[in-house]
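Visitor: Mind having a look at this structure? Questions to follow.
The values are calculated or read from the model by the stated rules, or taken from the named source; none is laboratory data. Everything numeric here is computed off the predicted structure, so don't read it as measured data. Every residue, glycine among them, receives a Cβ derived from its backbone with ideal geometry; neighbour counts consider all protein chains shown. For the accessible areas, the whole protein counts, side chains as well, though only heavy atoms, and no ligand, DNA or RNA atoms are used. Shrake-Rupley method; radii C 1.70, N 1.55, O 1.52, S 1.80 Å.
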Amino acid sequence: MTTTKFKGTPVTLSGEFIRPGVPAPDFELVRTDLTPLRLSDLRGRRVVLNIFPSLDTGVCATSVRKFNQLAASLPDTVVVAVSKDLPFAHARFCSVEGIENVVPASDFRASGFDAAYGVGMTDGPLCGLLARAVVVIDPEGRVVYSELVPEITEEPDYERAVEAVKGC
């Protein structure tokens, strides 16, 4: 099992966190219009998964805003904001914040995404939500970069994620 921390306290995650070099597991998340979003729908494009606990926290909201800015300069790239927030919350946040370059997607239906990518928190105060992580997938569907942020209250390394996107 993989662990991260929340305010310095260890948190256990479901399964092993996904590593570069492996085929990215397909998933089915829910878009804001309640239609499915599958990784297979994005094949042939570079994909950035910005994974986080909830849009209702400052760090999570900041990461979506930052990836929205970065996505505008990444051709042939889809940035997907993934959390267990309901699709309605994703829609509201994106509307209020003017988020146009990120695809919001919810894992509220427990599709197995959290276990497949090793990001589901199984204990601690945020148990049941997703840990903060970034995964970059190349157009052929292989993971080329992954970062499990060691402290959930901190932002991911945006520069390294963008370098990984540009390198694939």
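Visitor: Please determine, by comparing only the residues of the range 47-64 that are open to solvent by less than 10 Å² (accessible area, probe 1.4 Å) and β-branched (Val, Ile, Thr), which one is nearest to residue 119 (Cα to Cα).
Guide: Restricting to residues being open to solvent by less than 10 Å² (accessible area, probe 1.4 Å) and β-branched (Val, Ile, Thr), the top hit is 51.
Visitor: Under 6 Å between Cβ atoms, which residue pairs at least 6 apart in sequence (or on different chains) link something in the range 66-83 that is closer than 20 Å to residue 37 by Cβ with a partner that is of a type in the set (Ser, Thr, Tyr) and open to solvent by 10 Å² or more (accessible area, probe 1.4 Å)?
Guide: Final answer for the pair search is 83/54.
Visitor: Any residue at all in the range 136-144 that is in contact with a Cys (Cβ under 9 Å, 6 or more places away or on another chain), over 24 Å from residue 109 (Cα atoms) and open to solvent by less than 50 Å² (accessible area, probe 1.4 Å)?
Guide: Checking the range 136-144: at least one residue is in contact with a Cys (Cβ under 9 Å, 6 or more places away or on another chain), over 24 Å from residue 109 (Cα atoms) and open to solvent by less than 50 Å² (accessible area, probe 1.4 Å).
Visitor: Name every residue in the range 81-101 that is of a type outside the set (D, E, K, R) and in contact with a Phe, Trp or Tyr (Cβ under 6 Å, 6 or more places away or on another chain), in order of residue number.
Guide: Result: 83, 86.
Visitor: Out of the residues in the range 65-90 meeting the condition of being under 22 Å from residue 111 (Cα atoms) and touching an Asp or Glu at 6+ places or on another chain (Cβ under 8 Å), tell me which one is surrounded by the most Cβ atoms within 10 Å (Cβ to Cβ).
Guide: Filtering first and then ranking leaves 83.
Visitor: Please work out if residue 64 is closer than 15 Å to residue 162 by Cα and at pLDDT below 95.
Guide: yes
Visitor: Name every residue in the range 145-164 that is open to solvent by 40 Å² or more (accessible area, probe 1.4 Å) and either more than 15 Å from residue 57 (Cα to Cα) or within 12 Å of the chain's Cα centre (by Cα) (or both), in order of residue number.
Guide: Listed by number, the residues that qualify are 150, 157, 159, 160, 163.
Visitor: Could you check residue 7 against (1) closer than 22 Å to residue 162 by Cα; (2) open to solvent by 80 Å² or more (accessible area, probe 1.4 Å) and say which number it fails?
Guide: (1)
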